[in-house]
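A short worksheet on the structure shown next.
All of the numbers you see were taken from the coordinates with simple rules; none came from a lab. On a predicted model such as this, the values are computed, not experimentally measured, just so you know. Glycine gets a Cβ as well: all are built from the backbone with ideal geometry, and neighbour counts include every protein chain shown.
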Amino acid sequence: MQSTERQQVDRVQPDVVQETEVIDPSYYQKTLDEDLDKNMFKADAYRACWFIWSFSLSAIFFLAVVAFKLEWPSQLAIAVLIGYFNTMMYHSTHEIMHGNVLKKKWMEDVIGLLGFTPLLISPTFWRTWHNEIHHSRTNQGRLDPESWPMLDDYKNSKIQKILFSLTPGSGTKKSYLFFFYWASAKSLLAHWYYRFSRKDMLFVNNWRVSGELLVQMAIWYYALNLVSVDKWLWCFVIPLVVQNYLISSNEVAAH
């Protein structure tokens with residue numbers, strides 16, 4: 001009986017899919033606009049305080065490691081806190097870059113430049129990659145630049161096979177390290193490979209993106225020279241590992 005029902009479903013399903021009406025997203029927006037409070041969509045600058053708070057605490061803890069001779073347990077604890085507040089700074093920057101916090105675009109650019117510096121993400125690139133493409137095509141296979149590849153892509157792409165071997169569930173030993181570096185690796189892959197290989201990225205302002213990346217790299221260079229090499233572990237390596245873990249573990253969940 002179950003087999004017969006399954007066969008019927010298999011025969012009917014294609015017709016159901018073909019007959020499904022595709023509704024323009026603007027319909028939902030117009031429908032919701034009638035019921036939602038108009039003030040809900042106004043910019044709320046007070047939410048930028050989350051960025052100011054996390055940026056300030058991250059900087060304070062960073063300078064504490066630089067300025068004082070601390071025992072390694074204290075340095076380790078501070079390094080973890082720097083990574084935590086850098087993650088908070090990243091998420092607050094993420095929200096601000098959606099344009100629902102500040103009214104001035106140049107202010108978003110400044111915050112995006114600073115807030116995304118640990119992961120070397122250009123705010124101009126982010127607007128196109130994340131805001132315009134990802135959020136308009138979320139989970140639509142290869143159309144969504146932040147989704148994992150479809151089976152056909154995996155079979156026909158060497159780079160996708162390599163990436164899959166890095167991910168949790170692939171069964172490889174190196175996949176256990178995935179959460180500790182993927183946010184940084186994804187940024188590098190997106191900026192230096194997909195930016196030039198995806199057709200939907202062709203209209204991005206590459207000169208501006210490259211200029212912003214140069215500014216961020218200059219900040220990294222200055223910070224590295226500010227800190228003695230024996231403290232790089234506490235000021236850069238561990239915070240970056242912590243930030244990668246927190247961001248990557250959040251992104252693989254249904255967020």
Completion exercise
Ranking HIS134, ILE162, HIS91 by how far each Cα lies towards the positive end of the charge dipole of the chain (+1 on Lys and Arg Cβ, -1 on Asp and Glu Cβ), the top one is ILE162
Handout entry: Residues GLU108, GLU71, sorted so that the one with the fewest Cβ neighbours within 10 Å comes first
Key = GLU71, GLU108
Practice task
Treat the chain as a sphere of radius equal to its Kirkwood radius over Cα pairs and apply Stokes-Einstein at 4 °C in a medium of 1.567 mPa s; give the translational diffusion coefficient in µm²/s, rounded to a whole number.
Solution key: 61
Handout entry: Footprinting exposure proxy for ARG127, ARG198 (fewest neighbouring C-beta atoms within 10 Å first)
Key = ARG198, ARG127
Exercise for the section: Work out which helices of the chain, taken as complete DSSP H runs, extend at least 24 Å along their axis over the Cα atoms and score a mean Kyte-Doolittle of -0.5 or more, then list them. Expected result: 49-67, 72-96, 206-226
Practice task
Assign unit charges at the C-beta atoms only (+1 for Lys and Arg, -1 for Asp and Glu), then state the dipole size of region 100-237 relative to its Cα centre in Debye, rounded to the nearest 20.
Solution key: 220
Practice task
State the answer as a single residue: which of CYS235, SER58, PRO149 lies farthest towards the positive end of the charge dipole of the chain, with beta carbon charges of +1 for Lys and Arg and -1 for Asp and Glu, about the Cα centre.
Solution key: CYS235
Handout entry: Coil-residue chymotrypsin sites (Phe, Trp or Tyr not before Pro) of region 155-255, DSSP, other Cβ within 10 Å capped at 13
Key = PHE203
Problem - Lys, Arg +1 and Asp, Glu -1 on Cβ, resulting dipole of the chain about Cα centre, debye, nearest 20 - result: 1000
Handout entry: Förster radius 35 Å - calculated FRET efficiency between PHE203 and ASP230 (Cβ-Cβ, nearest 0.05)
Key = 0.15
Practice task
Starting from the coordinates of the alpha-carbon atoms of region 25-136, obtain the Kirkwood hydrodynamic radius over all distinct pairs and give the value in Å to one decimal.
Solution key: 16.0
Problem - Order of SER248, SER175 - criterion: other Cβ atoms within 10 Å of each residue's Cβ, fewest first - result: SER175, SER248
Problem - Top positive-direction residue, dipole computed over the chain with Cβ charges, set TYR221, PRO118, LEU188 - result: TYR221
Handout entry: Cα-based reach from LYS158 at 20 Å (exclusive), listing lysines while leaving out same-chain residues under 8 positions away
Key = LYS173, LYS174, LYS186, LYS199
Fill in the blank from the handout: Cα extents of region 169-245 along the principal axes, largest first, in whole Å, come to 42, 40, 14
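Can you give the helix-only mean residue ellipticity at 222 nm for the chain, where every DSSP H stretch with n ≥ 4 adds -39500 (n - 2.57) and the sum goes over all residues, rounded to the nearest 500 deg cm²/dmol?
Dividing the helical sum by the residues of the chain leaves -18000 deg cm²/dmol.
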Handout entry: For region 203-247: rounded, prolate or oblate by the Cα gyration tensor [a/c cutoff 1.5]
Key = oblate
